[in-house]
């Protein structure tokens, strides 16, 4: 450990253990203590690997160039020992592109390579697999569609077989209102979130395809029974689990909340939750819909500690040679680089949903009504501090689709225009001959 | 290719489908992997037999091979299950193999879904196999909070209707005696005692579909069971008062049984003791932030006269005992006492 002095601007809250410590130690407290002890020198800014510079709040700068280099590199070739990623290549592409977009890079340069990569992964029966010849699965499909949206352009949008996608999603819909992640795969809220992202972003008909099993259970649409399913995933602790009856988990909470927001009913079901990506959604649900022309900066204010999250990410998560990590002692990877940067971006913007949607038609217009305003240190008041430098500001991402707002809007608008044009293979008419007559 | 499949007469009838990663277009695909020749060959044969929907012993052996090289390949697991059922294989052997894989790859999704699909075969498993729970306890020795294993265990309970099997609660007790902070074991306990059952799908689950005030309540409350569970939680709180789990469990129990938080008011006060001198509170000794929150909520429910006390409790949390959630506690104060907030009264006690 270095002799460096702890920066005077780091508050005691981030240098000390919580005031109450039970005498009894167990495995949980041992692991927790181990993690805290690894983090404290980083939060104090005295770990030997921290090069600085530190800003006026004692927070290290974002090593922007290193992270950009790390993510560019993550899109290139991996040695054979990385074979475990074979079914996750769509994720690798999505994480890198979303991370680069956050860091302000122009990712449209990857358009050709993205199209080339995903074309062989799409199955004629709908959806994308993790690679050529792999079963369609909601996770790689989500990653593929969002990556195509990010690089943008007609050729990227046209690659997606929307009709086959619609029929495939119909086969994932379950009798209890939820979705499987693949045919024969597990059912959990990831399946529901991915399905709602795909249906809304690709403007697919909400009516279930005629051959969907779920029709035999009285369901007519993709959203039938979905709110009930999601509310059954709430646990006695007030969190949300992956399945009804399982334990609450932050990642699943995001899936379920984002799903409700796409459905257009964020106010309906939300109570209290504890994980980062959820905060803009919860805060927005409490604040209600804002007029697009004159949003209030914030009525509820932030419910979580923006300062704490910013300090943790910038002090503890930056790898020495670029990339971000879960916590000190772990190696950086694309996944954590993408999502810790997303978390940092969340602390830098005020997200709200408005009464004006980028998409004029369709059932999911509320999903396209999200806006964001940058929060700056000049807004600092009370204890809800911005502790990052302006040069460390990231781009804002859409809180539901986790890609730039413009990318989501461009994809949806292109599809809307195709619909109004009335020709081509991507129109509502092509779907309608598969719709059952009423 | 001259690999082990190409040179094996068993495979002579199969035309492998080589990997198409898009590179033939002349554009470089992204995040490529320099696969070993063995993996490339095996997956080429896998694509071919899957395309033909072949169900055979050789296909099954091929899935062994691919899984050994890459257990995260979800497609091969899916195809393996289809083969096992189509060929009516002895699943005992499969479970022996699967147990070894499970201990080796602790964070793998596919393994646990595979196990669930196999176990859901009533034909093979009309009742719970005797060693199943022992194996799960072995898994918990490696990681007592493994989310995949717990999710599988919940499914087992529902599938074989094990809510009242003594073994379930015994295992929970054992795990909680080893680590009273095992939040997953606490969740399982709640699910066993108050969770949904097949005849009452939403019973005991908060925010289930019933309208308030029935929402989240059991239709029939076994008051003795509720009393016993509350006593159990109290005993665990005393061991480590700052452990969130038993407090949360007790809240859930009270809500499911339709009882008020105030039932634990005196108990919570034991961990939040005011020091009074000359009839004035001069200091407060706090042994559990969760007890402070409990009291805040209890006072909040008591109505206007107790609002000041609720605000005092929230203020303790925000200033001293849980300051990382200061914004949340401020929000709670605004909700309960908008007037107090607008006056910006000094917040120190």
(message) With a cut-off of 8 Å between alpha carbons and a minimum separation of six or more residues, what is the relative contact order of the stretch B:1-89 in percent?
(response) 27 percent
(message) Given a Förster distance of 60 Å, report the FRET efficiency between residue B:174 and residue A:421 from their Cβ-Cβ distance, rounded to the nearest 0.05.
(response) 0.35
(message) Restricting to Cα pairs below 8 Å that are 6+ residues apart, what does the relative contact order work out to for chain B? Please round to a whole percent.
(response) 7 percent
(request) Enter the Cα centre distance for the pair the stretch A:382-414 and the stretch B:294-315, rounded to the nearest angstrom. (result) 38 Å
(message) Tell me the mean residue ellipticity at 222 nm calculated for chain A from its helices only (DSSP H runs of n ≥ 4, each -39500 (n - 2.57), averaged over every residue, nearest 500).
(response) -12500 deg cm²/dmol
(request) Just the ratio, please: alpha-carbon radius of gyration of chain A over 2.2 N^0.38 Å, N its number of residues. (result) 1.01
(request) Given the options A:242, A:133, A:191, state which has the largest fluctuation in a GNM of chain A using a 10 Å cut-off (strictly under) for Cα springs. (result) A:133
(message) With just the Cα atoms defining each centre, how far is the stretch B:124-158 from the stretch A:110-166? Give it in Å.
(response) 36 Å
(request) Rank by packing, highest mean first: peptides B:88-94, A:94-100, B:179-185, A:68-74, with packing defined as the count of other Cβ atoms within 10 Å averaged across residues. (result) A:94-100, B:179-185, A:68-74, B:88-94
(request) Using every pair of alpha-carbon atoms in the stretch A:190-251, split the distances into 5 Å bins beginning at 0 and state the percent of pairs per bin, rounded to integers. (result) 4, 17, 21, 22, 17, 12, 7, 1
(message) Over 21 Å apart: what share of the alpha carbon pairs of the stretch B:205-326 falls there, rounded to a whole percent?
(response) 45 percent
(request) Can you tell me the alpha carbon radius of gyration of the protein assembly as shown divided by the globular rule-of-thumb value 2.2 N^0.38 Å? (result) 0.98
(request) Take the alpha carbon atoms of the stretch A:98-209, find their radius of gyration, then divide it by 2.2 N^0.38 Å using N residues; give the quotient. (result) 1.06
(message) Using 0.36 nm times the number of residues separating residue B:335 and residue B:224, minus their current alpha carbon distance, what extension gain do you get?
(response) 36.4 nm
(request) Using packing as a proxy for protection, rank B:143-149, A:59-65 so that the peptide with the highest average count of other Cβ atoms within 10 Å comes first. (result) B:143-149, A:59-65
(message) With the alpha-carbon atoms as the only input, what is the per residue convex hull volume for the stretch B:1-89 in Å³?
(response) 105 Å³
(request) Express the Stokes-Einstein translational diffusion coefficient of the stretch A:1-108 in µm² s⁻¹, to the nearest whole number, given a Kirkwood radius over alpha-carbon pairs, 10 °C and a viscosity of 1.306 mPa s. (result) 91 µm²/s
(request) Using a 10 Å cut-off on Cβ to Cβ distances, tally the other chain neighbours for every residue of A:74-84 and report the average as a whole number. (result) 6
(request) Averaging sequence separations of C-alpha pairs under 8 Å and six or more residues apart, then dividing by the length of the stretch B:263-341, give the relative contact order as a whole percent. (result) 20 percent
(request) With a Förster radius of 22 Å, plug the Cβ-Cβ distance of residue A:13 and residue A:378 into 1/(1 + (r/R0)^6) and report the FRET value to the nearest 0.05. (result) 0.45
(request) Can you run the Rg to Rh ratio on the stretch B:45-162? Use alpha carbon positions and the Kirkwood inverse-distance Rh. (result) 0.97
(message) Given a Förster distance of 22 Å, report the FRET efficiency between residue B:24 and residue A:158 from their Cβ-Cβ distance, rounded to the nearest 0.05.
(response) 0.65
(request) Choose one answer from B:55, B:335, B:191: the residue with the largest mean-square fluctuation in a GNM of chain B with alpha-carbon springs under 10 Å. (result) B:335
(request) Rounded to the nearest Å, what's the spacing between the alpha carbon centres of the stretch B:250-280 and the stretch A:29-77? Just the number, please. (result) 42 Å
(message) Applying a 10 Å radius around every beta-carbon, put B:126-134, A:9-17 in order of their mean neighbour count, most first.
(response) A:9-17, B:126-134
(request) Evaluate peptide B:238-247: per residue, the Cβ atoms of other protein chains within 10 Å of its Cβ; return the mean as an integer. (result) 3
(request) Could you tell me what % of all Cα pairs in the stretch B:256-311 have separations over 15 Å? (result) 54 percent
(message) If I model a spin label at residue B:58 and residue B:278 as a point 7 Å from the Cα along the Cα→Cβ vector, what separation in nanometres do I get?
(response) 9.7 nm
(message) Give me log10 I(q)/I(0) at q = 0.09, 0.14 Å⁻¹ for chain B, Debye formula, one equal scatterer per alpha-carbon, no solvent.
(response) -0.71, -1.13
(request) Please average, across the residues of A:17-30, the number of beta carbons from any other chain that are within 10 Å of each residue's own beta carbon, and give a whole number. (result) 6
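Throughout, read-outs are computed from the coordinates displayed, never taken from laboratory work. Computed from a prediction, not measured in an experiment: that's the story for all the values here. Positions of Cβ are backbone-derived with ideal geometry, glycine not excepted, and every protein chain shown enters the neighbour counts.
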